[in-house]
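K.L.:
First the structure, which I've put down as structure tokens, then a few questions once you've had a look.
We did not get these values from a lab; they are worked out from the coordinates using the rules stated. Model, not experiment: these values are computed from the prediction. Don't worry about glycine lacking a Cβ; one is built from the backbone with ideal geometry, like all the others, and counts go over all protein chains shown.
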Amino acid sequence: MNIQENLVEINSNIERACRKKNRTTDDVKIIAVTKYVSVETAQKAVSAGIRHIGENRPEGLMEKYKAIEGDVKWHFIGTLQSRKVKEVLPYVDYIHSLDRLSLAKEINKRADRIIQCFVQVNVSGEESKHGLPTREVEAFIDRMKDYPNIRIVGLMTMAPFTENEDVLRSVFNQLKQLQKMIQQKNYEYAPCTELSMGMSNDYTIAVEEGATFVRIGTSLVGKEF
């Protein structure tokens, strides 16, 4: 697994997708998802130029945070249990999975600074996926004004695992329209300028539809366990 070569290819694909939509590549940040790889492999990704690392589990986040050297932003991208919030907060720059009031209350209570959060949205409606239904997002974000330690920087979704490009575009576009609607409200606590969407199998489509963060694991760092 040559991470440097993989990163060159991914950057090239992102550049092509941006060019199609008259976007600049500066708008798109790659999060290396390191759930299935060792600290050593994650370190290689950072050495190759990655500046954002995403972890799904508190244990993995803490382990890699303590071991990895470099200027890195840390993203918690998995489902976050309320009882694990106090473990995660000292190590995290972004949380991508805010999807319920009980979690917002716990983050707000435990935080000693403003936490950058994405509201997770279940655009596809699949029962296997976490996140708020699209119809509940606006009211949920309205409620976030009561939690001064939370800043809603954007929305996040996971698309269905499919090769049907029309389905993927529809999901990503729906999230983009929702993000634009929230952004137009000009909430100070919820600027909602970011879109976290797209993974190894669909990130180029996500970029074409407006993603600003793509979460890439297998095609960047591989899978070791």
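K.L.:
Can you pull out the residues in segment 144-166 that are touching a residue at least 40 places away in the same chain (Cβ under 8 Å) and more than 15 Å from L132 (Cα to Cα)?
P.N.:
K145, Y147, P148, N149, I150, R151, V153, F161, E165
K.L.:
Now for a separate question. Filter segment 178-201 for residues that are part of a loop (DSSP other than H, G, I, E, B) and among the hydrophobic types (A, V, I, L, M, F, W, C); which is farthest from Y147 (Cα to Cα)?
P.N.:
M199
K.L.:
Which residues, taken from segment 178-195, are closer than 16 Å to V123 by Cβ and aliphatic (A, V, I, L, M)?
P.N.:
L178, M181, I182, L195
K.L.:
Continuing with this model, one more query. Can you pull out every residue in segment 154-168 that is more than 16 Å from R215 (Cα to Cα) and surrounded by 13 or more Cβ atoms within 10 Å (Cβ to Cβ)?
P.N.:
Result: T162, V167.
K.L.:
Specify which of the listed residues (S200, S219) is under 14 Å from the mean Cα position of the chain (by Cα), surrounded by fewer than 24 Cβ atoms within 10 Å (Cβ to Cβ), of a type in the set (S, T, N, Q) and over 20 Å from C117 (Cβ atoms).
P.N.:
Result: S200 is the single residue among S200, S219 that is under 14 Å from the mean Cα position of the chain (by Cα), surrounded by fewer than 24 Cβ atoms within 10 Å (Cβ to Cβ), of a type in the set (S, T, N, Q) and over 20 Å from C117 (Cβ atoms).
K.L.:
Further question on the same structure: Mind listing whichever residues of segment 123-144 are surrounded by 13 or more Cβ atoms within 10 Å (Cβ to Cβ), among the polar types (S, T, N, Q) and assigned to a loop (DSSP other than H, G, I, E, B)?
P.N.:
Of everything in segment 123-144, just one residue is surrounded by 13 or more Cβ atoms within 10 Å (Cβ to Cβ), among the polar types (S, T, N, Q) and assigned to a loop (DSSP other than H, G, I, E, B), namely S124.
K.L.:
Kindly evaluate F76 against the criterion of being within 15 Å of S196 (Cα to Cα) and either among the hydrophobic types (A, V, I, L, M, F, W, C) or in contact with a strand residue (DSSP E or B) (Cβ under 6 Å, 6 or more places away or on another chain) (or both).
P.N.:
Criteria met by F76.
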